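Comments concern the structure below.
The values are calculated or read from the model by the stated rules, or taken from the named source; none is laboratory data. What you see is a predicted model; the values in this text were computed from it and never measured. Methodologically, a virtual Cβ is constructed for each residue, glycine included, from the backbone with ideal geometry; neighbour enumeration extends over all protein chains shown. When the accessible area is computed, the model is the full protein with side chains, heavy atoms only, and any ligands, DNA or RNA have been set aside. Shrake-Rupley method; radii C 1.70, N 1.55, O 1.52, S 1.80 Å.
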Amino acid sequence: MLRIQFEQTGGPDVLQAVDVPIPDPGPGQVRVKQAAIGLNFIETYQRTGANPMPLPGCPGSEGAGVVDVVGEGVTSHKVGDRVGYAAGAPVGAYAEYYVLPAWKAVKLPESIDFNTAAAIMLKGMTAEMLLMRVFHVKPGQTILVHAAAGGMGTILSQWATSLGARVIGTVGSAEKVAVAKANGCAEVILHGQEDIAARVRGLTNGKGVPVVYDGIGAATLEASLDSLGLRGMLASFGNASGPAENVSVQRLKFGSLFLTRPGVFDYTSNPEELNASANTVFEAVAKGHFKVQVNQTFALKDARAAHEALEGRQTTGSSLLIP
Ligand SMILES: NC(=O)c1ccc[n+]([C@@H]2O[C@H](COP(=O)([O-])OP(=O)(O)OC[C@H]3O[C@@H](n4cnc5c(N)ncnc54)[C@H](OP(=O)(O)O)[C@@H]3O)[C@@H](O)[C@H]2O)c1
């Protein structure tokens, strides 16, 4: 089968398309013949070594397809089941076939097609975690979402808007303003060009926001903290610009702030949590709380070009790799 792997960590050019034997599932596992694979920023951390993994490594944590073999002892799944997954371990979804623990292979409702599933299993459940559990967004609140035109950003902005929040989004270029607005942002700030915190204060009568969802990391850390209102929460959930580091505990005393660094796999760490989160996402899609926008599709063998586009900030919405 075709598998994307890297012998050493580095830039997108370390990604190679190789031919390897199709893996067999062990006890308690299923094998998925993949129809679509989600492209996520986290895979750039896998490739660069920011998220260390054994070499040769194969990136990838999200996808969808059909179960084609079940391992010993598996009774929950059968051959032919349509499934989707967001699996932190084992990493390695950039392949035509993928083996994972059966409990992590979520059965898809008929209404969710493979491309949609491959775009929402990781990003949708992360949005559910952020909007409903890390901080529970309520109608009437004004919130700040960074990288609002990206994969996570377009889902967060739409879903939060449907929950009744007013979303201030940030984007990195003028071309992305329209994307953010089309996805529910009431206001859009150009990060890197405008003073984010000053704009947020201006848009909130000086109060600041109760929550900031920050997947950019280093470049926006200070502005995110400065944008919070009293007892506000910074949910720092990613590092697209590099890790957000060195926040002093004393820094949080100005406004009695909360800081958390949530990861979706810690919020879907058992079958109950995983299925509850996935079902909330499926229901939100069915009810139209957010629409999945697959704006870029790459052949799996072109994963390198996909990483270049993602890291080059050339993508909007979600992207897929098709085996
Ligand atoms: N914690 C979790 O469980 C979890 C789960 C899923 C995703 N995430 C995180 O969520 C974030 C978004 O992921 P995604 O897959 O949806 O990616 P994405 O938002 O589609 O792409 C990343 C975006 O970050 C912005 N950005 C700002 N500074 C950047 C820089 N120096 N280099 C590259 N991009 C930069 C760019 O948008 P602009 O051009 O508009 O700035 C870019 O489009 C990532 O940090 C990811 O790690 C976390």
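Restricting attention to region 131-156, the residues that are surrounded by fewer than 17 Cβ atoms within 10 Å (Cβ to Cβ) and either outside any loop (DSSP other than H, G, I, E, B) or within 14 Å of the ligand (Cβ to nearest atom) (or both) total 2. Scan region 109-130 residue by residue and report those that are outside any helix (DSSP H, G or I) and surrounded by fewer than 21 Cβ atoms within 10 Å (Cβ to Cβ). Once the filter is applied, which keeps residues that are outside any helix (DSSP H, G or I) and surrounded by fewer than 21 Cβ atoms within 10 Å (Cβ to Cβ), region 109-130 yields Pro109, Glu110, Ser111, Asp113. Listed by first and then second residue, the pairs linking a residue in region 300-323 that is at positive phi to a residue that is surrounded by 17 or more Cβ atoms within 10 Å (Cβ to Cβ) and part of a helix (DSSP H, G or I), with Cβ atoms under 6 Å apart and 6 or more places separating them unless they lie on different chains, are Gly317/Thr154. In region 210-223, the residues that are farther than 19 Å from Leu310 by Cα and touching a residue at least 60 places away in the same chain (Cβ under 8 Å) form Cβ pairs under 7 Å with partners that are open to solvent by less than 20 Å² (accessible area, probe 1.4 Å) and polar (S, T, N, Q), at six or more places apart or across chains, as follows: Val212/Ser224; Val212/Ser227.
Mind listing whichever residues of region 157-190 are in a strand (DSSP E or B) and out of contact with any Leu (no Cβ under 6 Å at 6 or more places or on another chain)? Please lay out each step first, then the result.
Residues of region 157-190 in a strand (DSSP E or B): 166-171, 185-190.
Arg166, Val167, Gly169, Thr170, Val171, Cys185, Ala186, Val188, Ile189, Leu190 - these are the residues of region 157-190 that are in a strand (DSSP E or B) and out of contact with any Leu (no Cβ under 6 Å at 6 or more places or on another chain).
The residues listed here are Thr154, Thr126, Thr170; of these, the one that is in contact with a strand residue (DSSP E or B) (Cβ under 9 Å, 6 or more places away or on another chain) and under 30 Å from Val70 (Cβ atoms) is Thr126. Among the listed residues Ala117, Ala147, Ala182, which satisfies the condition of being farther than 22 Å from Gly217 by Cα and within 15 Å of the chain's Cα centre (by Cα)? Answer to the check: Ala117.
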